[in-house]
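Structure first, commentary second.
Bear in mind these aren't lab numbers, they're just calculated from the coordinates by the rules spelled out. As the structure is a prediction and not an experimental result, all values here were calculated from the model. Cβ placement follows ideal geometry from the backbone for every residue including glycine, while neighbour counts extend to all protein chains displayed.
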Amino acid sequence: MKTAISIPDQIFTAAEQTAKRLGISRSELYASAVRDYVESHMAEAVTEKLNQVYSVEESSLDSNLQSLQSSSLNSEDW
């Protein structure tokens, strides 16, 4: 797909130099950069969802058992 974008001159110049150094077209460079950016944000979204899931504490332990377990930790040498 063709698209038009506006970027600062300094970034354009750096991108041109990078594409030439790598021996790839400008389109390949931009497509690769956008793909990497999207993938990194997809990973962040997964991490965010996992953090949401694990941020909710649900314990099905009997309160007496939980109390006993908690008190036993204080006597342990770490």
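When the helix-only estimate is applied to the chain (DSSP H runs of n ≥ 4, each -39,500 (n - 2.57), divided by the residue count), what is the mean residue ellipticity at 222 nm, nearest 500 deg cm²/dmol?
-24500 deg cm²/dmol
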Peptides 60-70, 11-21 ordered by average Cβ neighbours within 10 Å, highest first | 11-21, 60-70
How many nm is it between the label spots at Glu57 and Lys20, if each spot is 7 Å from the Cα in line with the beta carbon?
-> 6.0 nm
Please list the helices of the chain that count as membrane-span-like by this rule: a mean Kyte-Doolittle hydropathy of at least -1.0 together with Cα atoms stretching 24 Å or more along the helix axis, each helix being a complete DSSP H run.
-> 26-55
Out of Val46, Val38, Val56, a Gaussian network model of the chain with alpha-carbon springs under 10 Å gives the largest mean-square fluctuation to Val56
What per residue convex hull volume, in Å³, do the alpha-carbon atoms of the chain yield?
-> 207 Å³
Principal axes of the stretch 1-46: Cα extent on each, largest first, Å = 34, 23, 22
